[in-house]
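Here's the structure, in structure tokens; my notes come after.
The values are calculated or read from the model by the stated rules, or taken from the named source; none is laboratory data. This is a predicted model, so every value here is computed, not measured. Note: ideal-geometry Cβ built from the backbone for every residue, glycine included; neighbour counts use all protein chains shown. In case anyone asks, the SASA skips ligands and DNA or RNA and just uses the protein heavy atoms, side chains included. Shrake-Rupley method; radii C 1.70, N 1.55, O 1.52, S 1.80 Å.
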Amino acid sequence: MSAARNLLSVADLGADGIDEILRLSDSFVEVSGRAIPKVPTLRGRTVVSLFYEESTRTRLSFETAAKRLSADTMNFSVSTSSVKKGESLRDTVLTIEAMGVDAVVVRHSSAGVPWQLASWIDVPVINAGDGWHEHPTQALLDCYTIREQRGSLEGLRIAIVGDVKHSRVARSDVLAFTALGAEVTLVAPPTLLPPSLAGWPVTVGYDLDDVLPKADVVYLLRMQRERQTEALLPSLREYTARYGLTRRRAGLLADDALIMHPGPMNRGVEVAAEVADLPRAVITRQVANGVAVRMAVLFLLLGSGADLALS
């Protein structure tokens with residue numbers, strides 16, 4: 001079993017661990033705003049991106065974070081690798097470890113893969129999304145963005161709307177938001193909820209119009225049609241009619257309520273195009289904060305002292 005520190009699940013952090021990452025992220029937001037947004041903290045370290053699923057935001061965000069910490073980066077492309085020749089996942093990661101890398105950022109379509117990697121190798125493993133299971137750094141950047149806008153998550157009412165069943169973001173967000181004192185309501189048709197919500201510290205609503213006036217944050221999930229193996233909805237048009245954040249529904253929100261989305265958005269499905277561009281929609285802010293939060297995660301796993309972070 002690996003002795004390395006890993007980030008596999010939000011549950012591994014607890015409220016104190018989340019707070020530590022958010023506090024450190026403040027410093028890296030400041031770094032990212034500099035004319036030359038770079039510090040030498042991880043010079044000489046190598047971070048590899050091991051993505052078995054397509055990704056734009058998360059992969060580029062981690063690579064940008066590593067480079068701003070002066071780490072070297074390696075980008076493993078499955079389409080041009082020996083995986084296509086039949087190489088096993090274990091042999092792939094052992095080969096990568098043998099090259100002397102210092103951390104592995106992994107995304108995979110199967111739940112549990114990051115835990116398996118962490119048992120095989122002795123360098124930190126960061127879960128960048130595993131199947132329908134978890135996406136911890138997305139939850140951390142979401143917490144950071146809400147805290148940046150509202151000061152704290154304590155007592156906030158957050159509505160997570162849409163395809164909860166197939167969403168690793170929803171699972172990690174529920175863990176993180178509730179750990180920091182927020183009240184979470186899931187809003188979705190029954191076919192887009194998990195078969196069991198036992199152990200989820202949430203309430204469930206089916207009428208979005210009823211939930212929105214009481215929400216401090218409305219978090220819209222992408223309709224993940226690529227993961228749906230059965231017909232769960234009559235049509236996307238009907239989904240939008242009942243669960244899309246239209247201009248009319250946005251008018252039900254309080255003036256200071258936030259609109260969030262993990263991206264990529266299906267404009268006109270989960271959220272109307274004009275609503276996504278409102279000032280209260282902090283979707284691009286989530287992307288910007290993602291770099292600083294991932295800098296904080298890499299620093300905590302690989303850094304050699306907080307006093308060096310901003311030198």
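Couple of notes before you dig in:
- Amide H contacts under 5 Å for Gly205, placed H, 5+ residues apart: Leu186, Val187, Ala188
- The alpha carbon convex hull volume per residue for the chain rounds to 138 Å³.
- Solvent-accessible area per residue for segment 152-226 (1.4 angstrom probe, square angstrom): 35 Å²
- Amide H within-cut-off set for Leu7, under 5 Å, with H built and near neighbours excluded: Val125, Ile126, Asn127
- Carbon plus sulfur fraction of accessible area for the chain, probe 1.4 Å, in percent: 50 percent
- Prolate is the label for segment 61-162, because a/c, from the alpha-carbon gyration tensor with a ≥ b ≥ c as root eigenvalues, is 1.5 or above and a/b exceeds b/c.
- Using only alpha carbons, segment 26-120 has a radius of gyration to Kirkwood radius ratio (Rg to Rh) of 1.02.
- Converting the Cα gyration tensor eigenvalues of segment 187-293 into ellipsoid dimensions via √(5λ) gives semi-axes, longest first, of 22, 17, 16 Å.
- In the full protein context, segment 1-40 carries 54 Å² of accessible surface per residue, based on a 1.4 Å probe and ignoring ligands, DNA and RNA.
- Using the rule -39500 (n - 2.57) for each DSSP H run of four or more residues, divided by the residues of the chain, the 222 nm mean residue ellipticity is -11000 deg cm²/dmol.
- Computed over the chain: relative contact order in percent, which uses C-alpha pairs under 8 Å that are six or more apart: 22 percent
- In this rough spin-label picture, where each label sits 7 Å from Cα along the Cβ direction, the Leu197-Asp277 distance is 3.5 nm.
- Prolate/oblate/rounded call for segment 84-129, Cα gyration tensor, a/c under 1.5 rounded: oblate
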